[in-house]
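Notes follow the structure.
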């Protein structure tokens, strides 16, 4: 067993997977070329019927587009995300282009594209941090997103910055998170639901 980024690896996968993590202490050194290489990686993600439902709306810090996208993270995430080099909104088409039929796999496929982006960023010396805490309705309104598209998340991109840029409560949490053991989410030939968590003391 080996340890990478304070994470104990159970089985010998490629280092890039446990090495990738989501810091909040990001700095703004990101170029359009950096992003395009990551979007190229996302382009080749697998998708149902090759529908490629993912759409990414991006803004680089200190550009006119930034003034729009910086309004989308919620108040908590604005405390750190606005220091990043870029913000990217993840949107997905819920229907196939052909005959507009429902695509029940749109979120699954868009997640694959996002992970491809994140791993390419890691290989380029960049860091990504995805956010669920965003203003979804405001994003739809600001960007005039049609009803057959869903706003899924937003992520920040940047070089590693200083922890001193973070509020104290976030500074204390700035470390790679741990993961469940493989045995808790893989089952040979059967399915097991999660057990109820024990109530923790307040």
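The values are calculated or read from the model by the stated rules, or taken from the named source; none is laboratory data. These numbers were taken from a predicted model, which means no experiment stands behind them. Every residue, glycine among them, receives a Cβ derived from its backbone with ideal geometry; neighbour counts consider all protein chains shown.
Of all residues in segment 175-189, none that is under 16 Å from residue 13 (Cβ atoms) has its Cβ atom under 6 Å from the Cβ atom of a residue that is at pLDDT 95 or above and assigned to a helix (DSSP H, G or I), 6 or more apart or on another chain.
Restricting attention to segment 182-194, the residues that are within 30 Å of residue 76 (Cβ to Cβ) and loosely packed, with under 10 Cβ neighbours inside 10 Å total 1. Scanning segment 133-151 for residues that are in contact (Cβ under 8 Å) with a residue 60 or more places away in the chain, part of a strand (DSSP E or B) and either surrounded by fewer than 20 Cβ atoms within 10 Å (Cβ to Cβ) or within 10 Å of the chain's Cα centre (by Cα) (or both) gives a single hit, 149.
For residue 156, the stated conditions do not hold, so it cannot be described as touching a helix residue (DSSP H, G or I) at 6+ places or on another chain (Cβ under 7 Å), in contact (Cβ under 8 Å) with a residue 24 or more places away in the chain and over 19 Å from residue 60 (Cβ atoms).
Among the residues of segment 86-113, count how many are closer than 29 Å to residue 33 by Cβ and touching a helix residue (DSSP H, G or I) at 6+ places or on another chain (Cβ under 7 Å). Qualifying residue count for the region: 8.
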